[in-house]
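Here is the structure we will look at.
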Amino acid sequence: MGNVVFLHVSRPDVVRDINLCVSLDLGKSSYLKATHEPLFGGGILKSNGEAWLHQRKIIAPEFFLDKVKAMVDLMVDSAQPLLKLWEERVDRNGGIADIKIDDDIRAYSADVISRTCFGSSYIKGKEIFMKIRELQQAVSKPNVLAEMTGLRFFPSTRNKQVWELHKEVRKLILEIVKESGEDRNLLSAILHSASCSRVGITEAENFIVDNCKSIYFAGYESTAVTAAWCLMLLGLHPEWQDRVRAEVHEVCRGRPVDSQSLQKMKNLTMVIQETLRLYPAGAFVSRQALQDLRLGGVHIPKGVNIYIPVSTMHLDPKLWGADVKEFNPERFSDVKPQLHSYLPFGAGARTCLGQGFAMAELKILISLIISKFVLKLSPHYEHSPILKLIVEPELGVDLTLTKVQCLY
Ligand code: HEM
């Protein structure tokens, strides 16, 4: 791309070596670093080397299985406003309603992150999420001037908008930090680490803000978008909707969803896995060789960027069979997803550390929705996936909802 060298990798043996590589010499790509800087700064998503390792060690334990299990009740609580809202809309409309689901799902995902990681409600975090989304839209096109010339400080209209958003998000996060209480959560772990490091106040604040911003972004958008794609696919496939509904009923038997029942929802897990195969939020896994490397027998000189086009791998008939473009969750029933050709959560040492959290959050939301409503794809739905840092439905997802009548 321009004068930047990229190696596109879709051979499973090279991907395997990327998966197995734990060396700090394989880092995140610095391509578009200047463009993305206002959104990610020096936080965990884009940093490399010892700085990344330090952040990973602080953040990863907050998403270990036992921690996620303890968050299930909060996640169930966060879904209640959405369920109530949709129920009211269906009732008000004579038993059937057309709903554009995206904003309500984003509110759920934002509330989950706010409560579980930052100990605050969505109301407090709402402005941060709105501004992070604006930042995401603003930085999703390359800032050619900044990348080619280093003119990051040129006061173009776009730069001024991005600087303003960046400043506001920083201020809002520092306000949340000031008001944070004694709760043990991700925020307190980040604050503790910042207070133990012997750096100046600005550097400590940058560490806090950049990592909070990374989690607000990473934990919010991709989960909300995956939930929207998943509900769209269930709306299109009533047979799978019925299977998942029957399973939720069988597993929960009228009791609220808990961590044990989530584990038993095999059909729902398969449906989410298949959604992530067809619509992986992260379109590329990107890396850069920070030193000369050898991966899958290929010599990769220092500086070369590596892109794994995830959808190309997920839609390769040689890897997945002739029905590769069909929605068929059954393909995940008896085999483990093929490690080196299924990458919705990335690869190797930089793999998504929130994947257990995201799966719990998705299963809770979808099981609760599916046990209350019958979904159909609305005639208003227009299929238009678009890449804006992540692959999202550009025109949203429209579903027609009625209430579940039969209680088995
Ligand atoms: C369905 C939802 C999600 C998807 C599809 C997703 C996908 C991804 C992908 C593709 C990566 C890059 C991995 C790589 O480069 O190899 C990533 C990284 C990351 N994700 Fe997620 N993610 C999701 C949810 C979450 C959640 C809920 C959180 C936290 C609350 C989270 C936190 C992170 C973090 C911190 C990283 C950076 C890891 C590192 O560089 O060490 N993600 N995610």
Legend entry - Residue tally, condition touching a helix residue (DSSP H, G or I) at 6+ places or on another chain (Cβ under 9 Å) and within 16 Å of the ligand (Cβ to nearest atom), over the range 294-321: 6
Legend entry - Check on T269, of a type outside the set (A, V, I, L, M), within 11 Å of the ligand (Cβ to nearest atom), more than 30 Å from K33 (Cβ to Cβ) and within 21 Å of the chain's Cα centre (by Cα): no
Legend entry - Pair list, Cβ under 6 Å, 6 or more apart: the range 104-120 residue outside any helix (DSSP H, G or I), other residue away from the ligand (no atom under 11 Å from the Cβ) and among the charged types (D, E, K, R): G119/D183
Legend entry - Residue list for the range 74-86, restricted to those being in contact (Cβ under 8 Å) with a residue 12 or more places away in the chain and not aromatic (F, W, Y): L74, M75, V76, D77, S78, A79, P81, L82, L83, L85
Legend entry - The listed residue being open to solvent by less than 40 Å² (accessible area, probe 1.4 Å), within 11 Å of the ligand (Cβ to nearest atom) and either part of a helix (DSSP H, G or I) or in contact with an Asp or Glu (Cβ under 9 Å, 6 or more places away or on another chain) (or both), out of A60, A97, A79: A60
Inset, instruction - Within the range 204-224, count every residue that is within 8 Å of the ligand (Cβ to nearest atom) and open to solvent by less than 20 Å² (accessible area, probe 1.4 Å). - result: 5
Inset, instruction - Restrict the check to the range 293-313 and report whether at least one residue is open to solvent by 40 Å² or more (accessible area, probe 1.4 Å), closer than 30 Å to K46 by Cβ and in contact with a Ser or Thr (Cβ under 7 Å, 6 or more places away or on another chain). - result: yes
Legend entry - Qualifying positions in the range 24-38 - within 14 Å of the ligand (Cβ to nearest atom), at pLDDT 90 or above and not basic (K, R): L24, L26, G27, S29
Inset, instruction - Give the residue that is nearest to K69 (Cα to Cα), with candidates limited to residues of the range 331-353 that are open to solvent by 40 Å² or more (accessible area, probe 1.4 Å) and either at pLDDT 95 or above or within 9 Å of the ligand (Cβ to nearest atom) (or both). - result: C352
Legend entry - the range 364-404, subset within 16 Å of the ligand (Cβ to nearest atom) and part of a loop (DSSP other than H, G, I, E, B), residue least open to solvent (accessible area, probe 1.4 Å): V397
Inset, instruction - Kindly indicate whether any position in the range 354-363 is open to solvent by less than 50 Å² (accessible area, probe 1.4 Å), assigned to a loop (DSSP other than H, G, I, E, B), closer than 25 Å to R106 by Cα and not polar (S, T, N, Q). - result: yes
Inset, instruction - For the range 189-202, state whether one or more residues are out of contact with any helix residue (DSSP H, G or I) (no Cβ under 7 Å at 6 or more places or on another chain) and closer than 21 Å to E127 by Cα. - result: no
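The values are calculated or read from the model by the stated rules, or taken from the named source; none is laboratory data. Bear in mind the structure is a predicted one, so any value in this text is a computation, not a measurement. Note that we place each Cβ from the backbone using ideal geometry, even for glycine, and neighbour counts take in every protein chain shown. Note: areas computed on protein heavy atoms with side chains; ligands, DNA, RNA excluded. Shrake-Rupley method; radii C 1.70, N 1.55, O 1.52, S 1.80 Å.
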